[in-house]
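What follows draws every value from the coordinates through simple rules; no lab data is involved. Since we're looking at a predicted model, the values are computed, not measured. Cβ sites come from the backbone with ideal geometry, for glycine too, and all protein chains shown count toward neighbours.
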Amino acid sequence: MKILVVTGTRAEFGLLQALLVEIQASPKLDLELVVTGSHLLSKFGMTINLIEDAGFKVGKKVSATRDAKNGAEVGIQVGKGITEFVSVFESTEPSVVLVVGDRYETFAAAVAAFFLEIPIVHVHGGEVTRGALDDSLRHAITKLASVHCVSHPAYASRVIQLGEQPDSVHVVGSLGVDQLSGIVLKNRAALEADLGISLRAQIFLVTYHPVTNGERDSSVEARALVEALEAFPEATVVLSMPNADPGHEAIAGVLQEAAELNPGKWYFFPSLGQINYWSLMAISTAVVGNSSSGILEAPFFSVPTVNVGPRQDGRVSAPSVLNCDPSKVSLLKALRRASSKEFRDSIPVDNNPYTTGGAAKSIRIILESMSGKQAGRKIFYDALRE
């Protein structure tokens, strides 16, 4: 069977990489990789190159979905993206379209596949992120999908609550956590050499994305984050480019300026690369910002997370995750606690709630078990009556 996998961001590809290897290795499956979104943009590091460097052949590119300055641009790009994905799917004739998560690029692909009656496998559904429009898109993709591979039992219950048949929902664990158990990380010296930076004893790894649900001033919140981090003058601060959501340019401008004003201590990267990112995470004092990696992956290393603002509100989180408001006072309090030996020593051994393990292999087995068309009419499962 031809399994068409869509990826639009560096973070998404990081989650997918182990699964792509599993699909390639299966004698029953044929991988078709479609690349879209920020992968195709130089200001985000042109991360399509990372995909090809990892040994994966890019089958098709969808350029209609990229970065957007506002909701109107997102809507226009989704419309154009649906049209382009329809063309791609008609030309490649996949047996299954596999998508991850909640991005608007992913939503465009799911809509196109749904109307072509191509079965959709949705990974990481059922989660809640109240601070992002992605929350609604994720649930919409769930309603378009035929098969659901979720990371936690609580998320399985939510997908069923949305009316999906229980036998179509599989708890497989987190793809990101699954990968961490098998990778070889770089040591401090290798990271310094590869990235061209100097790492001090205290390291803050920072990723801050726009909060897209509600009226917020992204640049004000980014400045509060910078001011709080400046209270740690001996620390190395590694900043990564925010994602392509509306408001990313304001955040990126503030972070780039901060790095320029703190040479030799602060560093800004359009893309670190997955191995460098996880290797830095493993030796960091804290992961700071509002990326899902602070919720899903940082707990694997028992590294504290300072989760800023509402973007990740609703996700199941580990004891190592500290939540704070996007204000200097709240951030300072959380950063100081995360940096303390007392807090780090209090993190339990079984810190990570997403350590089911074997996610990529489990999804590969599910894909191999699919036969014939499983799209089209779906029967709503009424959990209230069962």
Could you check which residue among GLU297, GLU234, GLU32 shows the biggest mean-square fluctuation in a GNM of the chain with a 10 Å Cα cutoff?
GLU234
To make sure I understand the rule: partners must be lysines, Cα under 18 Å from the Cα of LYS361, and not fewer than 8 residues away in the same chain. Which ones qualify?
LYS2, LYS28
Degrees separating the helix 328-339 axis from the principal Cα axis of the chain, which is the longest one
90
Distance between Cα centroids, the range 114-170 to the range 281-343: provide it in whole Å.
26
Taking the alpha-carbon centroid of each part, what is the distance from the range 183-198 to the range 201-262 in angstrom?
22
To check you understand DSSP bridge types, tell me what percent of the beta bridges within the range 188-346 (both residues inside) are antiparallel, rounded to 5.
0
For the chain, the longest principal axis of the Cα atoms and the Cα long axis of helix 218-229 enclose an angle in degrees, to the nearest 10, of 50
Rank ALA360, MET241, PRO299 by how far each Cα sits towards the positive end of the charge dipole of the chain (+1 on Lys, Arg Cβ; -1 on Asp, Glu Cβ) and give me just the farthest.
PRO299
Please identify, among ALA11, ALA25, ALA259, the residue showing maximal mean-square fluctuation in a Gaussian network model of the chain using a 10 angstrom Cα cutoff.
ALA25
Angle in degrees between helix 359-369 and the longest Cα principal axis of the chain, rounded to the nearest 10
10
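If you put +1 on each Lys and Arg Cβ and -1 on each Asp and Glu Cβ, how big is the dipole of the range 188-346 around its Cα centre, in Debye rounded to 20?
480
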Highest-MSF residue in the chain out of THR142, THR92, THR106 [GNM, Cα springs under 10 Å]
THR92
Enumerate lysine pairs in the range 31-144 that are 8 or more residues apart or on different chains, then count those whose Cα atoms are under 24 Å apart.
10
Counting only residues 5 or more apart in sequence or on a different chain, those whose built amide H sits under 5 Å from that of LEU31 are ILE3
Counting sequence-distant residues (5 or more places) and residues on other chains, those with an amide H built under 5 Å from that of VAL321 are THR305
